[in-house]
Amino acid sequence: MTAELVRGQNHPLSQSRLEIRISAGTPVAAAAALGDENGRIHGTEWVAHPGAPVQPGLEVSRQAAADHRLAVDLDAMTDAVHRVSVLLALPAANGGAGPARFGSVAAPFVAVTGLDGTEVASYTITGLDLESAVIALELYRRQGAWKVRAVGQGYAGGLAELLADQGLTEAAQLAAGIDEAVARGLARSVQAPPPRTSEGDRSRQAAAPAVGPDQGAAPQGAPGPVPPAYGGQPAGGQGQGGPPSAYGGATDPHASSGGDPVNYSHPRRQTSAPPPPPAAPPAQPGQPARPVAGDATGWSMEERLYNQVWGMFEDLARTAAAYRSAVDFAESRMDKELEQALSDPRSRIGGQGDAAREAARSRYTQLVDQARASLDRDVAQLVAESEVVEPALPPAFARWDNPCWHAYRVPMEIPMALRLGDLRLPEAESISIPMLLRLPLERGLWIDSGRTDSLDGSFTDSHDMRRLAMDTAVAHAARLLAVYPAGEFTVHVVDPAGSGAQALAPLAQSGVLAGPPAQGAAGVTEVLARLTQRVDLVQMALRGGAPDALPPGFDTSQQLLIVNDFPHGFDDRAVNQLRYLVDEGPSVGVHLMMVADREESAGYGPLLDPLWRALLRLTPVPDDHLADPWVGHAWTYEPPAVPHGSEVLRQVLAQVAQARRAWNR
């Protein structure tokens, strides 16, 4: 599955030989700079650019173009190289024609792909304005492994300012040399097509050939050889039936004979539907079609299953709403018929009145039975679909008793969503729908530890509720740790009175926590101050457009703070810091999980109400407190329960801890 990055986000690379594909709405110059462990460029020979397109492990385009393919061989990099930065610049900013700033053109798109064209990660560079040069993304080495990070750092001063910021002393001279090389090849670059007036109008003017004599091409108007692609293998071109040159060097079919048309389509603008879902096996005559796992639209099996699960949710909500509406109609009709029968004095006595009342009740029963039959039919179909879908779910979507956890391995990519439990409706107790929450989290969680009467009639005292609430919080935290790649998710715990030590044992003993649970008022103050400072630093870096300005060794992973036994150990300052983390933290990857009793926390009054409203309330026992925004059903939420006596939680956490230790070496 392709990782679609946002500014500052990173993604691991499993291949060493890669292509970096660039698509822009106007010709841009592309370059690649090598940097040491501090990101500094040690000389002009550390930059591959149109004037010197080949460096060890790098090959870039020789001219400005709207589309580029850069070749990278990470194994060919010397040990001194720890970073490869992909640079883009507008030629017009240095005296050429066309736009002079990125804010006036379409957002450039950059993708990292394997040699087979499989996309690994992509990034659309948004938010640019006056900048004429930009660091699009960087490949960087960390502890022997390579990753890609979306940067998007722009410079209004152009290439000279960009290269100087990377520590190159000859920045101005190299920028001038790049401008001169770009100016020589600018007239031969592929021009962007004019906008189409309608879907059916596909006519366009012939573009000038993009290749020139310095690339081994024939004169304009005649077909010629295509420059060699990365690794010395010829890229598909004229006469080969393949794609255009690796550097945007294919000629227009109107200007040369025998060539393939230039593909002007943006790689991220899908013009076709996702691949069709798997076909269901043929059904028996008179029987409904048998369900198939992944029978929904999507570009990957994970996306198909996600859409299928929420399709089941909508189907159940719809059929339950139809049943309730039918029952309400039957009741109102019976009441109206009984009222009409009783309004006539002659029908109040004798057999005539009894017959009218019996007929009204009979019609009510008939309507309700018909509605129930339709509901049972739909629920039976959903149960059959659930029996197929549930075993096919990946760990992030699966229950703790799913066998997929026994084959668990720490993932390399963040999943689309996370399972927080199950949802039920009272009319359909035979089926539960997974409750999936999209990742990364957009809001924190509140696990209510207050005393309550459970739905099965059993009374749960405050001590049991606190224990169940902490067990639920640990299960949620363990699942979050399990579905994130190693080093991408960090968990902190505040337990002022130490009352949650027993429940927290799986997390603490496995070594997956950032540190021992903080205790006492001093521990609360220290953890909250550290996370508040982290939010401030990241916000300042992002608002200043300098995500790389964070301190060395800064932990860029997602952060989760589990707070137990609130408000014990909290003063007014600490509560205000919690409010700040809830309001500002999710946007920079800091999330909160509160384990508290709302009634005990009511002493803070209005100060706590916004915090309560901002968090998603969950319970450690089944409770019908969740409402969908579609039809307004009160759904019964069931928390994720680890099977009694199962070691699956400790086994998963042991693998997470082992992966974290290997990552931090």
Legend entry - Qualifying positions in segment 478-512 - open to solvent by less than 20 Å² (accessible area, probe 1.4 Å), assigned to a loop (DSSP other than H, G, I, E, B) and touching a helix residue (DSSP H, G or I) at 6+ places or on another chain (Cβ under 6 Å): 496, 500, 512
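Can you tell me which residue within segment 632-661, out of those that are basic (Lys, Arg) and open to solvent by 50 Å² or more (accessible area, probe 1.4 Å), is nearest to the chain's Cα centre (by Cα)? Give the steps one after another, and end with the answer.
Within segment 632-661, the first condition is being basic (Lys, Arg), and the residues that meet it are 650, 660-661.
Filter once more, so that each one left must be open to solvent by 50 Å² or more (accessible area, probe 1.4 Å): 650, 661.
Values: 650: 27, 661: 25 Å.
Ranking the qualifying residues of segment 632-661, first place goes to 661.
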Legend entry - Matching entry among 608, 550, 616, 542 (being surrounded by fewer than 19 Cβ atoms within 10 Å (Cβ to Cβ), at pLDDT below 90, among the hydrophobic types (A, V, I, L, M, F, W, C) and over 27 Å from residue 664 (Cα atoms)): 616
Inset, instruction - Tell me which of these residue 532 doesn't satisfy, since it passes every other one: (1) in a loop (DSSP other than H, G, I, E, B); (2) in contact with a helix residue (DSSP H, G or I) (Cβ under 6 Å, 6 or more places away or on another chain); (3) open to solvent by 10 Å² or more (accessible area, probe 1.4 Å). - result: (1)
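So for segment 418-431 (the condition being open to solvent by 30 Å² or more (accessible area, probe 1.4 Å), of a type in the set (Gly, Ala, Ser) and either within 17 Å of residue 590 (Cα to Cα) or touching a Phe, Trp or Tyr at 6+ places or on another chain (Cβ under 7 Å) (or both)), does at least one residue qualify? Working first, answer last.
Filtering segment 418-431 down to residues open to solvent by 30 Å² or more (accessible area, probe 1.4 Å) leaves 424, 426-427, 429-430.
Narrowing the set further to residues that are of a type in the set (Gly, Ala, Ser) leaves 430.
Next, only the ones that are either within 17 Å of residue 590 (Cα to Cα) or touching a Phe, Trp or Tyr at 6+ places or on another chain (Cβ under 7 Å) (or both) stay: none.
No; the residues of segment 418-431 include none that is open to solvent by 30 Å² or more (accessible area, probe 1.4 Å), of a type in the set (Gly, Ala, Ser) and either within 17 Å of residue 590 (Cα to Cα) or touching a Phe, Trp or Tyr at 6+ places or on another chain (Cβ under 7 Å) (or both).
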Inset, instruction - Only one of these is open to solvent by 30 Å² or more (accessible area, probe 1.4 Å), under 18 Å from residue 153 (Cα atoms) and not hydroxyl-bearing (Ser, Thr, Tyr): 28, 54, 6. Name it. - result: 6
Legend entry - Hits in segment 585-602 - residues which are open to solvent by less than 60 Å² (accessible area, probe 1.4 Å), free of Cβ contacts under 8 Å to residues at least 60 places away in the same chain and in a helix (DSSP H, G or I): 588, 601
Inset, instruction - Quickly run through segment 540-584 and pick out the residues that are without any contact (Cβ under 8 Å) to a residue 40 or more places away in the chain and among the polar types (S, T, N, Q). - result: 576
Inset, instruction - Can you run down the residue pairs with Cβ atoms below 7 Å, 6 or more apart or on separate chains, where the first is in segment 28-41 and at positive phi and the partner is open to solvent by 10 Å² or more (accessible area, probe 1.4 Å) and not in a strand (DSSP E or B)? - result: 39/166
Inset, instruction - Restricting attention to strands (runs of 3 or more DSSP E) lying wholly within segment 1-88, give those where 1 or more residues are touching a His at 6+ places or on another chain (Cβ under 7 Å). - result: 3-5, 17-35
Legend entry - Among (1) buried (at least 18 other Cβ atoms within 10 Å of the Cβ); (2) closer than 26 Å to residue 314 by Cα - the single one residue 410 does not satisfy: (2)
Inset, instruction - For segment 375-390, indicate whether the set of residues that are closer than 28 Å to residue 4 by Cβ and touching a residue at least 60 places away in the same chain (Cβ under 8 Å) is non-empty. - result: yes
Inset, instruction - Hey, could you check segment 290-325 for residues that are of a type in the set (Phe, Trp, Tyr) and open to solvent by less than 50 Å² (accessible area, probe 1.4 Å) and say which is farthest from residue 428 (Cα to Cα)? - result: 306
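Collect the residues in segment 440-455 that are aliphatic (A, V, I, L, M) and either modelled with pLDDT of 90 or more or farther than 23 Å from residue 394 by Cα (or both), keeping them in residue-number order.
Residues of segment 440-455 aliphatic (A, V, I, L, M): 441, 445, 447, 455.
Of everything in segment 440-455, those that are aliphatic (A, V, I, L, M) and either modelled with pLDDT of 90 or more or farther than 23 Å from residue 394 by Cα (or both) turn out to be 445, 447, 455.
If you take the residues in segment 64-78 that are out of contact with any Pro (no Cβ under 6 Å at 6 or more places or on another chain) and not acidic (Asp, Glu), which one is surrounded by the fewest Cβ atoms within 10 Å (Cβ to Cβ)?
So in segment 64-78, the residues out of contact with any Pro (no Cβ under 6 Å at 6 or more places or on another chain) come out as 67-75, 77-78.
When the remaining residues are screened for being not acidic (Asp, Glu), the result is 68-72, 74, 77-78.
Working: 68: 26, 69: 25, 70: 25, 71: 23, 72: 25, 74: 16, 77: 21, 78: 8.
Restricting to residues being out of contact with any Pro (no Cβ under 6 Å at 6 or more places or on another chain) and not acidic (Asp, Glu), the top hit is 78.
The values are calculated or read from the model by the stated rules, or taken from the named source; none is laboratory data. For clarity, every value in this text was computed on a predicted model and none was experimentally measured. When we count neighbours, we look across all protein chains shown, and the Cβ atoms used for this are built from the backbone with ideal geometry, even at glycine. Note: accessible area is taken over every heavy atom of the protein model, side chains too, but ligands, DNA and RNA are not part of it. Shrake-Rupley method; radii C 1.70, N 1.55, O 1.52, S 1.80 Å.
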